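Please read the structure below before turning to the comments.
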Amino acid sequence: MQTDHQLLWNKCLAVIKDNVPEAAFNTWFRPIIPLSYDDRKFTIQVPSQFFYEYLEEKYVNVLKLTLYRVIGQGTILNYRVMVDKSTGGTVDYPAEEGSVAVKKVAPQGANKAPNPFVQTAPQDLDPQLNPKYSFDNYFEGTSNKLVRTAGEAVAQNPGKTTFNPLFIFGPSGVGKTHLCHAIGTRIREVHPSKKVLYVSSHLFRVQFTDAIRKNTINDFLNFYQNIDVLILDDIQEMIGLDKTQNTFFHIFNHLHQLGKQLILTSDKAPVDLQGMEERLITRLKWGLTAELCRPDLDLRKKILKNKINHDGIVIPDEVFNFIATNVTENVRDLEGILVSLMANAVINNKEIDLPLTKRVVSQAVRLEKKQLSVQTIQETVCKFFNLELSAIQTRSRKREVVQARQITMFLSKKYTDSSFAHIGKIVGKKDHATVLHACKTIKDQIETCKTFRSTVEQIEVQLKN
């Protein structure tokens, strides 16, 4: 016969199942064991410290709302974490304050949301920064050395370096947002009197639209024009939004003229932001424009080691090296693989070994691309264009030879961990600047010429066969 707390938890599970994906439900909620419900405190047992931390980070709001809906106001969530399976040792953790299921009741007469753009003292302004993203865990590699160095300089002297604005661009998951939070957090430590604000372009647009609708545009402008350090993430989301761009243009001018610091991120370089006002693009290029590339092998190993130590995971060296070698695109993939491995190990009560790792990794990345070498790519490209291998080693400026040489360089950078200098040394004894130029040229042609893109894709197919 089920106890009261078991019945309550079953009702909670029914609600949760309707609000999270099935895979997440099976991984993170089915293993939970309800232990007790006493004096408004609901205690659940979870299999590990990692499991508890993941629930608190990713699903605390789901748990909070479910407890309120099923049990009622004031219910407190408590975790009991298994720390030693052999002895049955456990430790209790109260949920963080945000997971207490209390319904906030507005005072009488409060029939509208307060104006978010009131002027506040620096210590009262919520900077919207995540303190877990710091310079301490933002590791340096060849792919991010310039950006990290510039970020630290800005953090020490915001608005007083030539890096204003600091424009950081690169693909998703390479650490742009982490770096922004690290800079903002460091500025608040070094300069506590500075008003620092991190905001996504999406939220900026929503606030701007809401200000127009409520006729509070002056409050909106006054708020942003009084910020000392404005960190705007994903500015490419303003593309096509002329009024939003125009408003941000004036805010940018105002802050810059007063020597305030601007930090912006994008998935594209300023020159590639088609649909953005030219006068705004010009200003985005006033300071330092720096690219964040895919993390190199050494950097991936540093990130992995830190994540493993933080989560208390024990994995064999062969597993560590396999992940570092094959998961190359971005930091999020690295962290996601570790989460998946940990979940599989916890749920299935299995050790993390190489077969499990290969299965998990194969679901997220293409393993075959890391088996390639610059030499193999060079041979495949020459064969595709019916050229002698020696042709691209010469100084020939014939169109077909130059194109084959540049494609080889582009694919070598995409599919190997080789540096620009190493690729150049193998492909025609060129310097790193030549390889960098080749990669940009091929990337631009892929984006603008359908026929050329098809050619490169055909070569990639041959590389993977």
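The values are calculated or read from the model by the stated rules, or taken from the named source; none is laboratory data. What you see is a predicted model; the values in this text were computed from it and never measured. Please note: Cβ atoms are built from the backbone with ideal geometry, for glycine as well, and neighbour counts cover all protein chains shown. These area figures cover heavy atoms from the full protein model, side chains too; ligands, DNA and RNA do not enter into them. Shrake-Rupley method; radii C 1.70, N 1.55, O 1.52, S 1.80 Å.
The trypsin sites (Lys or Arg not before Pro) of region 25-84 meeting both criteria, a DSSP state outside H, G, I, E and B (loop) and at most 14 other C-beta atoms within 10 angstrom of the site's C-beta, are ARG40. FRET efficiency for the PHE452 to LYS305 pair, using the beta carbon distance and R₀ = 45 Å, is estimated at 0.65.
Anisotropy class assigned to the chain is oblate, per the alpha carbon gyration tensor with a/c at or over the 1.5 cut-off and a/b no larger than b/c. With both labels modelled 7 Å from their Cα along Cα-to-Cβ, the LEU7 to GLU277 distance reads 6.3 nm. Can you tell me, using C-alpha contacts under 8 Å and at least 6 residues apart, the relative contact order of the chain as a whole percent? Answer for the chain is 11 percent. Residues in the chain average 52 Å² of solvent-accessible surface per residue, probe 1.4 Å, ligands and nucleic acids excluded. Extending 7 Å from the Cα toward the beta-carbon at both LYS243 and LYS285 defines two label points whose distance is 3.0 nm.
Look at the Cα gyration tensor of region 264-340: its axes a ≥ b ≥ c give a/c of at least 1.5 with a/b over b/c, and that counts as prolate. Ordering GLY424, THR289, PHE220 by the projection of their Cα atoms onto the charge dipole of the chain, which places +1 on the Cβ of Lys and Arg and -1 on the Cβ of Asp and Glu, puts GLY424 at the extreme positive end. The helix-based estimate of mean residue ellipticity at 222 nm for the chain, built from -39,500 (n - 2.57) per DSSP H run of four or more residues and divided by its residue count, is -15500 deg cm²/dmol to the nearest 500.
Compared with the direct C-alpha span, the chain from ARG213 to GLN375 gains 52.3 nm at full extension, assuming 0.36 nm per residue.
Spacing of the modelled spin labels on GLU388 and PHE320, each 7 Å from Cα toward Cβ, amounts to 4.8 nm.
In terms of the Cα gyration tensor, with a ≥ b ≥ c the square roots of its eigenvalues, is region 297-343 rounded because a/c is under 1.5, prolate because a/b exceeds b/c, or oblate? Don't jump to the answer; show the numbers that get you there.
Numbers: a/c = 1.38, a/b = 1.24, b/c = 1.11.
Taking the square roots of the gyration eigenvalues as a ≥ b ≥ c, region 297-343 is rounded.
Take the Cα radius of gyration of region 371-465 and divide it by 2.2 N^0.38 Å, N being the number of residues; the result is 0.96. If R0 equals 45 Å, the separation of the Cβ atoms of HIS437 and ALA14 corresponds to a calculated FRET efficiency of about 0.15.
By accessible area, using a 1.4 Å probe on protein heavy atoms only, region 374-463 has 53% of its surface on carbon and sulfur. Here region 251-331 has 48 percent of its accessible surface on carbon and sulfur atoms, given a 1.4 Å probe and all protein chains in place.
Round to the nearest 0.05 the FRET efficiency obtained for GLU22 and VAL461 when R0 = 45 Å and r is the Cβ-Cβ distance.
Values: r = 34 Å, r/R0 = 0.75.
Plugging the Cβ-Cβ distance into 1/(1 + (r/R0)^6) gives 0.85.
Just report the Cα centroid separation between region 131-207 and region 238-290, whole Å. Measuring centre to centre over Cα atoms gives 16 Å. Cross-link check: pairs LYS11/LYS41; LYS195/LYS260; LYS160/LYS194; LYS176/LYS440; LYS414/LYS443 evaluated at a Cα-Cα cut-off of 18 Å; pairs beyond the cut-off: LYS176/LYS440.
With K and R counted +1 and D and E -1, the other residues having a Cβ less than 12 Å from that of THR43 yield a net charge of 0.
When the accessible area of region 4-94 is computed with all protein chains present and a 1.4 Å probe, what percentage of it is carbon and sulfur?
Numbers: 2320 of 4790 Å².
Exposed carbon and sulfur together represent 49 percent of the surface.
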